[in-house]
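Visitor: Pasting a structure below so you can have a look.
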Amino acid sequence: MNERLTRRERSAPRLFLLTAVLLLVPASASAAWREAGDVRTVTRQADGVVLLLTSGARVAVTFRDLETVRVRLAPSGRFERDFSYAVESKDRKTVAANVAETPDEIRLSSLNGTTVVIKRRPFLVAVKDAEGRTVVEDDLAHPVVFDTETGAVEMSKRRAEWETYYGLGEKAGPTFYLNSQRFVMWNTDTYGYPRGLDPIYQSIGFFVALRREQGRGLAYGLFLDNTSRTFFDMGKTDPSRLHIGAAGGELNYYVFTGGRERAPRAVLRDYTDLTGRAPLPPLWALGNQQSRWSYFPEARVREIARRFRETRIPADVIYLDIDYMDGFRVFTWDRSRFPDPARLISDLRAEGFRVVLIIDPGIKVDPNYHVYKEGQAGGHFVKTAAGAELHATVWPGVCAFPDFTDPKARDWFGSYYRQHLDEGVAGFWNDMNEPGVFLSEETPKPDLYHHPMKTFPLDARHAADGQPGTHARYHNVYGMQMARATFESNRRLRPGARPFVLTRAGYAGVQRYSAVWTGDNVASWDHLRLSVTMLLNLGVSGVPMVGADVGGFSGNPSPELYARWLQAAALSPFFRSHSEQVSKPHEPYSFGDEFTAVNRRTIEMRYRLLPYLYTVFHEHTKTGAPVMRPLWFEYPSDERTYMADDQYLVGRDLLVAPVVVEATTKRRVYFPRGDAWLDWWTGRRYEGGTDAEIEAPLDRLPLFARVGAVIPTQPVVQHTGEMLKTPLTLVAARGGAGTSSFYEDAGEGYEHLRGASRTTTAALEPGRLRLTRAGAYAVSRPLAAVEFLGVETAPGEVRADGRPVANPAFDAASRRLVVQLPAAAVGEITGVP
Ligand code: GLC
């Protein structure tokens, strides 16, 4: 940490310092708050109404879809061009609104009965679901206000006493649920952030509210689409309301009612219909990934790869952090460390490893550096208020920064990826893109985490896709637009490959372009526990491909902490060990032989479950459901799930209860009400709505399969390139009926969008499993066996398609019956006890 701070504190030009300090002062300028007032005029349009208020503000209330309401309020009275970085551009139908007016109210309803009641005096909005229940409503005592001096705008929503909140993107707690906290959105480089620090790297102003009413869980979602600094006071200042505001711009928000069923699933479906879903990742990106700041020179990288294969620990990806570059100049190599990158990469590829490179936004100001020269000539860099090229210090020294909000700059920057793609690089890691810059030695540092000079001056200029504005307005989208530049150029340059992009900073909708990791965490038991809730909240914020640095970025985990962290993360979507320069080795084989064996077993478990994990990612692309899910996502009517912060679901069918406490070998697990669960290792059954104490020796992750589910698995492979040659085994969690399906395709490319995929549906009922297949995927893998879990007694005759199966293997200790299948196309297995 110290080393890092001193590097960051290296001096920056004083002029920059002085200007920045001066620029910060007006932020707290005089306030002139004004109430939005009463409704003066109403203009009807197809999807809703436009209102003029007595304050001069203009409001549009419309339906985005049958169960999503949009409210847009322009304090100035003039709407800007309707443009959003969050909203996915695609054709959308206008949703018809039925409008009825009385002297006191204006009522809008959509075809399915979702209703907005707008009070005229003062202007207040209440949203009601199709059953007539209030979803969320403005607080009569606190109508919308705006500040005519600063442009700030605020609203308050009444909150039900027992409502809990989740999401808001990447939040470091302090608790899983967001209640009684105030959060800010302002992307910040927060090395070694402690629990509760806010804001950190991402800005996603979307949350899910959940409450139990008449025995049922009712959810709704609210998304404030405003790129300025925003805040979300979730009942901290006043428990009776949510207080939400932005430092400037329009008050532009969406309420997702979740339809008639008010299910979290419906809320996420509609939110991701608006902001987009993550595309299917390339299969290799679901493998085990190994990173460090930094592996160099080339010989060291080769050694890492060799050690993984020697120790038989599966892995797919090796990362190169900043030291591969020539003086931290992006799109260059340090040729003394990496004389022949293409050769290295192809040799690694032959061993089943892909290489991901870090690419930062700062371009070293160096007249002899082609990227700088070309960026300058093309006018692609962010400018100061005075129109000069903005300079600030990051790893390479003084840098200029591409204006990623400018489509021309995105294209230009993106074009440099060609060289790396030609060298065989498989993916890119965009860091420092909050943007984060270093403080100089002379800067007074009252708060190192949130020092205002750790980013660009607020009045720096951005092109913003045709809506130019200040850094104050576009700071929060800078990182996402960098990830977009990376994603879109990769799509363009390699049309047949699925890009893999990892970003530290982001804004709502980032999932369309990139995976997200939770930045510079710490090697502590508390951070391990925190990683679970952070990833869960990111997932319900629409971002499925998420992970935390396994073992902790800063500091040194004990072998036990590393092993437990690896287990906790083994079924998380993005699975990568990463650690800082000054830390001890963090590879899964560097903690002594006993732990090498433990860690191997953990990573093998992930590889065995990759067919399932891939299926869950596919589900996300169809429904927006997170991959790693909080229990409440599937069991909203079970209020015990609302606080469950150290367990998670992967998809619908696996329940994971990692050990996050030091020196323990058992833990309590809560089984959500409505389903029964089988211990993955022992086959023992646990009823929903109960707790149990579960044995968790050091080499075992407590894992449970939902009764009725059928989960695709495969034999252990050393990397995903070996997968397609191996046959599948289905694990059927017997003891109840259920239907599941699993998805297969080539794991790369886009042929699956043209029909090259296969879905197998498995219907489990007492004594019987039926399989049906649909789709044209040609290379789908043979089905070798079905493993029935939870079998208490030895079977009589088990039959596959009516013919007796030879020697089904029954193991009473693990309550497993393994049935080897004679032919790949078996349709029915009967006679299972
Ligand atoms: C930042 C990143 C970290 C990386 C380091 C050096 O701190 O968050 O992951 O290793 O920079 O590039």
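Visitor: Checking Ala563 against (1) closer than 24 Å to Phe617 by Cα; (2) over 14 Å from the mean Cα position of the chain (by Cα): exactly one of these is not met. Which one?
Guide: Status for Ala563: all satisfied but (1).
Visitor: Restricting the search to region 557-582, which residues are assigned to a helix (DSSP H, G or I) and of a type in the set (A, V, I, L, M, F, W, C)? Quick ask: steps written out before the conclusion?
Guide: Quick first cut of region 557-582, residues assigned to a helix (DSSP H, G or I) only: 559-569.
The answer is Leu561, Ala563, Trp565, Leu566, Ala568, Ala569.
Visitor: If a residue has to be under 32 Å from the mean Cα position of the chain (by Cα) and over 12 Å from Val59 (Cβ atoms) to count, how many in region 120-130 make the cut?
Guide: Let us first name the residues in region 120-130 that are under 32 Å from the mean Cα position of the chain (by Cα), namely 125-130.
If we keep only those that are over 12 Å from Val59 (Cβ atoms) too, we end up with 126-130.
So the count comes out to 5.
Visitor: Take Phe256 and decide whether it is in contact with a strand residue (DSSP E or B) (Cβ under 6 Å, 6 or more places away or on another chain), of a type in the set (A, V, I, L, M, F, W, C) and more than 16 Å from the ligand (Cβ to nearest atom).
Guide: yes
Visitor: I'd like the full set of residues that are surrounded by 24 or more Cβ atoms within 10 Å (Cβ to Cβ) and either among the aliphatic types (A, V, I, L, M) or more than 16 Å from the ligand (Cβ to nearest atom) (or both), limited to region 501-522.
Guide: If the condition is that a residue be surrounded by 24 or more Cβ atoms within 10 Å (Cβ to Cβ) and either among the aliphatic types (A, V, I, L, M) or more than 16 Å from the ligand (Cβ to nearest atom) (or both), then Val501, Leu502, Ala505, Tyr507, Ala508, Gly509, Val510, Gln511, Tyr513, Ala515, Val516 are the ones that fit.
Visitor: Still on this structure, please answer the following. Scan region 354-371 for residues that are over 31 Å from the mean Cα position of the chain (by Cα) and over 17 Å from Asp334 (Cβ atoms) and jot them down.
Guide: Val365, Pro367
Visitor: Within region 199-215, does at least one residue satisfy the condition of being modelled with pLDDT under 95, more than 16 Å from the ligand (Cβ to nearest atom) and in a loop (DSSP other than H, G, I, E, B)?
Guide: The answer is yes, given that some residue of region 199-215 is modelled with pLDDT under 95, more than 16 Å from the ligand (Cβ to nearest atom) and in a loop (DSSP other than H, G, I, E, B).
Visitor: Wholly within region 767-833, which strands (runs of 3 or more DSSP E) include no fewer than the required count, namely at least 3 residues that are in contact with a strand residue (DSSP E or B) (Cβ under 9 Å, 6 or more places away or on another chain) and touching a residue at least 24 places away in the same chain (Cβ under 8 Å)?
Guide: Here the list reads 768-775, 783-789, 816-820, 828-830.
Visitor: So if I check each of Phe381, Phe353, which one is out of contact with any Lys or Arg (no Cβ under 8 Å at 6 or more places or on another chain), among the aromatic types (Phe, Trp, Tyr) and closer than 18 Å to Phe296 by Cα?
Guide: Just a single option satisfies the conditions, and that option is Phe353.
Visitor: Further question on the same structure: Quick check on region 287-306: of everything there that is of a type outside the set (A, V, I, L, M) and surrounded by fewer than 17 Cβ atoms within 10 Å (Cβ to Cβ), which residue is farthest from the ligand (Cβ to nearest atom)?
Guide: Going through the qualifying residues, I end up with Arg306.
Visitor: Let me ask something else. In contact with a Leu (Cβ under 7 Å, 6 or more places away or on another chain), crowded, with 18+ Cβ neighbours inside 10 Å, aliphatic (A, V, I, L, M) and over 29 Å from Arg216 (Cα atoms): does that describe Val95?
Guide: Taking the combined requirement at face value, the residue does not satisfy it.
Visitor: Suppose the filter is within 27 Å of Arg494 (Cβ to Cβ), within 16 Å of the ligand (Cβ to nearest atom) and at pLDDT 95 or above; does Ile322 pass it?
Guide: Values: within 27 Å of Arg494 (Cβ to Cβ): yes; within 16 Å of the ligand (Cβ to nearest atom): yes; at pLDDT 95 or above: yes.
Yes, satisfied.
Visitor: Related question: Criterion first (closer than 22 Å to Glu488 by Cβ, in contact with a helix residue (DSSP H, G or I) (Cβ under 7 Å, 6 or more places away or on another chain) and aromatic (Phe, Trp, Tyr)) does Trp284 satisfy it?
Guide: yes
Visitor: Related question: Which of the residues that make up region 737-766 are part of a loop (DSSP other than H, G, I, E, B) and under 30 Å from Val832 (Cβ atoms)? Quick ask: steps written out before the conclusion?
Guide: Restricting attention to region 737-766, the residues satisfying the condition of being part of a loop (DSSP other than H, G, I, E, B) are 737, 746-750, 755-756, 766.
The answer is Ala737, Pro766.
Visitor: Cβ-Cβ distance below 7 Å, separation of 6 or more or different chains: which pairs start in region 479-496 with a residue that is closer than 17 Å to Glu170 by Cβ and end on one that is in a helix (DSSP H, G or I)?
Guide: Listed pairs, sorted by first residue: Met480/Val510; Ala483/Val510.
Visitor: Here's a follow-up. Give the residue, chosen from Ala464, Ala483, Ala472, that is at pLDDT 95 or above, within 26 Å of the chain's Cα centre (by Cα) and on the phi > 0 side of the Ramachandran plot.
Guide: Going through Ala464, Ala483, Ala472 in turn, the sole match is Ala464.
Visitor: Every residue in region 78-106 that is part of a loop (DSSP other than H, G, I, E, B) and without any contact (Cβ under 8 Å) to a residue 40 or more places away in the chain, please.
Guide: Matches in region 78-106: Arg78, Asp82, Ser89, Lys90, Asp91, Arg92, Lys93, Thr102, Pro103, Asp104.
Visitor: Now, a different point. Hey, among the residues in region 544-588 that are small (Gly, Ala, Ser) and away from the ligand (no atom under 16 Å from the Cβ), which one's nearest to Pro281 (Cα to Cα)?
Guide: Top of the filtered list is Ser572.
Visitor: I'm trying to understand the selection: among the residues of region 400-416, which are among the hydroxyl-bearing types (Ser, Thr, Tyr) and within 24 Å of the chain's Cα centre (by Cα)?
Guide: Thr405
Visitor: Considering region 513-539 alone, what residues qualify as being in contact (Cβ under 8 Å) with a residue 40 or more places away in the chain, outside any helix (DSSP H, G or I) and polar (S, T, N, Q)?
Guide: Ser514, Thr518, Asn521
The values are calculated or read from the model by the stated rules, or taken from the named source; none is laboratory data. Because the structure is predicted, anything quoted here is derived from the model rather than measured. Methodologically, a virtual Cβ is constructed for each residue, glycine included, from the backbone with ideal geometry; neighbour enumeration extends over all protein chains shown.
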